[in-house]
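Participant: The structure under discussion is supplied below as structure tokens; questions concerning it will follow.
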Amino acid sequence: MAQPTRLDNISYYTPGPGYVLTGRDGRVHIPWAGRPPIPLLKEDSPAAEQAGGPDYDMVGRGIYQALRLNPECAFAAEYAAVLKEAYPHIVSELGGQIIMLDAKDVDTPYLDRKINFLRIMSLLDPANAGLHLEIARTYSDRGSRLASLNLAVPSWYGAEKHLKIALEIGLDDSHARYEYGEALYVLGRYDQAAGVWSEVMASLDDGEKARVQSRIAAILAGKLPLVPPVDYLTALAVALEHHQAGHNDEAAAIIEDVLSDLVFPVQFPMNEVYYLLGAIYQEMGMMDDAARAFKLS
């Protein structure tokens with residue numbers, strides 16, 4: 001059996017062969033033999049040891065926290081199955097958290113939380129292509145925001161992974177296929193992106209079709225960013241870090257280098273980037289340059 005994943009404030013309890021998880025007035029009766037070690041909050045561990053095994057609430061708290069910390073931890077699917085079978089109130093709370101996060105414009109920490117909640121839901125319902133699509137869209141949102149571009153690489157790889165899963169499950173959505181091509185493009189897989197976009201072309205409206213045809217033509221003609229777009233997004237994150245540290249010369253140089261590419265700035269929203277450049281120029285006393293950058297933002 002694989003080793004449990006180390007998680008903050010989580011310990012693991014291996015019950016004896018006769019342990020049975022019971023609760024909800026007898027409606028839960030799950031023999032634990034053959035199942036993985038039980039994740040517990042560390043503050044619950046002494047009581048579980050003293051009682052000869054954790055009670056219903058301890059197991060629910062521990063599993064939920066373990067999955068929130070890492071939905072890809074060892075035995076995640078098994079833990080999710082226990083939640084689904086024995087803890088409907090936790091599953092309901094999870095759905096409520098996602099709805100709450102959808103109802104407002106959230107910043108990066110909330111996007112991270114939403115991604116983890118959705119990934120837990122996908123463990124509970126692995127054949128639900130819509131969940132994987134929503135995970136992908138949240139990843140691409142995080143990977144496109146200036147404030148979270150330090151996470152551009154894992155975000156765009158995550159978006160590509162979950163879009164691919166959604167489509168493999170059988171999602172019939174032309175916009176999702178377009179987004180899959182976009183993720184491939186951002187990661188520098190241009191030929192694959194062109195192939196995906198070609199397949200979806202017929203289902204797009206005229207405006208979308210013209211845009212996709214233009215991008216495919218550019219790929220075929222070799223009119224591509226000098227480096228994969230995800231590398232530019234990472235560079236912009238470094239520029240933001242330099243600016244926040246007061247190193248405006250370095251920050252401006254990086255942004256100017258990114259914007260000098262003839263392809264990348266045309267294909268990606270640069271409003272925030274131009275505004276950042278304007279603020280940097282302003283702090284450097286370059287007021288005319290600042291005004292030009294702000295005008296483009």
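Participant: Have a look at Leu40, Ser203, Tyr274 and report the one farthest towards the positive end of the charge dipole of the chain, computed about the Cα centre with Cβ charges (Lys/Arg +1, Asp/Glu -1).
Facilitator: Ranked along the dipole, the leading option is Leu40.
Participant: Hey, another quick one. For a protection proxy built on the mean count of beta-carbon atoms within 10 angstrom, sort 63-71, 2-10 highest first, please.
Facilitator: For the peptides 63-71, 2-10, the packing ranking is 63-71, 2-10.
Participant: Calculate the translational D of segment 10-86 in whole µm² s⁻¹ from Stokes-Einstein, where the hydrodynamic radius comes from the Kirkwood formula applied to all Cα pairs, the temperature is 37 °C and the viscosity 0.692 mPa s.
Facilitator: 264
Participant: Excluding same-chain pairs closer than 8 in sequence, count the lysine pairs in the chain whose Cα atoms lie under 23 Å apart.
Facilitator: So the count of such lysine pairs works out to 6.
Participant: Please give the length that would be gained between Ser260 and Ala81 if that part of the chain were fully extended, namely 0.36 nm times their separation in residues minus their C-alpha to C-alpha distance (nm, one decimal).
Facilitator: Contour length minus the Cα-Cα distance gives 59.3 nm.
Participant: So, counting K/R as plus one and D/E as minus one, what does the shell of residues with Cβ under 11 Å around Val227 add up to?
Facilitator: -3
Participant: Using only the Cα atoms, work out Rg/Rh for segment 126-220, with Rh taken as the Kirkwood radius, to two decimals.
Facilitator: Ratio of gyration radius to Kirkwood radius: 0.98.
Participant: For Tyr13, what residues show an amide H to amide H distance below 5 Å, using hydrogens built from the backbone and excluding near sequence neighbours?
Facilitator: Result for Tyr13 returns Ile38, Leu40.
Participant: Please list, in chain and number order, the residues 5+ apart from Gly23 or on another chain whose amide H is under 5 Å from its amide H, with Hs placed from the backbone.
Facilitator: Residues meeting the criterion, in which the H sits 1.01 Å from N, are Val28.
Participant: May I ask for the net charge around Glu208, where only other residues with Cβ less than 13 Å from the Cβ of Glu208 are counted and Lys, Arg are +1 while Asp, Glu are -1?
Facilitator: Charge balance near Glu208 sits at 0.
Participant: Another question, if that's okay. Take Arg145 and Arg27, extend 7 Å from each Cα along the Cα→Cβ direction, and tell me the distance between the two endpoints in nm.
Facilitator: 3.7
Participant: Determine, for each peptide in 119-128, 84-93, the mean count of other beta carbons within 10 angstrom over its residues, then list the peptides with the highest first.
Facilitator: Final packing ranking: 119-128, 84-93.
Participant: In Å, what Rg and Dmax follow from the Cα atoms of the chain?
Facilitator: 24.0, 77
Participant: So, one more: Output the peptides 20-29, 286-295 sorted from most to least packed, where packing is the average of other Cβ atoms within 10 Å over each peptide's residues.
Facilitator: Packing proxy ranking, top to bottom: 286-295, 20-29.
Participant: Assigning unit charges at the beta carbon (Lys, Arg +1; Asp, Glu -1) and nothing else, what dipole magnitude in debye, to the nearest 20, does the chain show about its Cα centre?
Facilitator: In debye, rounded to 20, the chain gives about 620.
Laboratory data are not the source of any read-out in this text; all were calculated from the coordinates shown. As the structure is a prediction and not an experimental result, all values here were calculated from the model. Note that we place each Cβ from the backbone using ideal geometry, even for glycine, and neighbour counts take in every protein chain shown.
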